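Novice: This is the structure I have questions about; it appears just below.
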Amino acid sequence: MTQRLKRCSHRKAFEESSKGATVVCLIPARTDTKYWHDYVMKADEIRFVKGRLKFGGSKNSAPFPSAVVVFRKHDGDVPKISAMGN
């Protein structure tokens, strides 16, 4: 996924939530990026996934940490941040 597409998808999730939609995204937890601070930090919830994800029968895990981000219409408070996993 290109950086531009990442920025567009996070912006779209944020914009749709401001119209009343609930949008749930599984994304790389790239907390050092501009898009994270511009859009993800405006989410209602951020849940960091413990460990690295594996999909299907893959022997290798993702090379990055992940987060589940929930965008829904809210009053602009800071996001609820928590961890998921064992």
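No lab work stands behind these numbers, since they all come straight from the coordinates. This is a predicted model, so every value here is computed, not measured.
Novice: Whose amide H sits under 5 Å from the amide H of VAL49, counting only residues 5 or more places off or on another chain, with H placed in the peptide plane?
Specialist: Those lying under 5 Å, H to H, from VAL49 are SER66, ALA67, VAL68, MET84.
Novice: By DSSP, what percent of the beta bridges with both residues in the range 13-85 are antiparallel, rounded to the nearest 5?
Specialist: Counting only bridges with both partners in the range 13-85, antiparallel ones make up about 70 percent.
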